[in-house]
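Note sheet for the following structure.
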Amino acid sequence: MVAAVVRHLAGMAAAWLVFVAEAVVGYLGLLAYALASGSGLGGPLAGPMLVLIAAVLGVVLLPLLFLPAVAVGDAAGRDRGTGRVVALSVPVAVVLAVGYAVGGAIATGVSAGYVPLVAAIAALVVLAPVVLYALTVSGLGWVARRVPRRWGGTAIAVPAEAS
């Protein structure tokens, strides 16, 4: 149980870092577009606020989107390898992201023509974090099962989870 919690906490940290890094890359892309097109750059706090909003949103999405998606993928594909865990986690995360985005767009009164665009952007934004989360959870599980046998240590081994 402890090993599973540690694996998921490490995966959550990795997913959160990727989510925030996507915000930084997005801001740099918008800044480059503004410079190239000669439009306004925004205020001096535009970049830090975008990163802060992404960081808070990432913390909110960890238990609501990333954890359920990877938990379903891990439970369904654990015995079939890392690729299967990732392949099962991604569609669950995309469905959850699209559902949350559509619900949020409808609740805030976004024009009906923009709802598919919002849903598509939400689906694309969660791909990299959920893949890294699933790879981290699977990779740490693999390490927890292999290291104690190979080097004779018992610090990581949890027999109940060595399935």
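Every number in this text was worked out from the coordinates using simple rules, so none of it is lab data. Worth saying up front: this structure is predicted, and the values here are computed from it rather than measured. Please note: Cβ atoms are built from the backbone with ideal geometry, for glycine as well, and neighbour counts cover all protein chains shown.
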Please list 98-109, 9-20 highest first by mean number of surrounding beta-carbon atoms within 10 Å per residue.
9-20, 98-109
Let's see if you can work this out: charge +1 on each Lys and Arg Cβ, -1 on each Asp and Glu Cβ, no other charges. What is the dipole magnitude of segment 2-161 about its Cα centre, in debye to the nearest 20?
600 debye
Viscosity 1.567 mPa s, 4 °C: Kirkwood-radius Stokes-Einstein D of segment 2-161 over Cα pairs, µm²/s:
74 µm²/s
Kindly express, to the nearest 10 degrees and within the range 0 to 90, the angle between helix 46-61's C-alpha long axis and the longest C-alpha principal axis of the chain.
40 degrees
Rounded to the nearest Å, the spacing of the alpha-carbon centers of segment 83-140 and segment 20-54 is 22 Å
How high is the relative contact order of the chain, in percent, with contacts defined as C-alpha pairs under 8 Å that are six or more residues apart?
32 percent
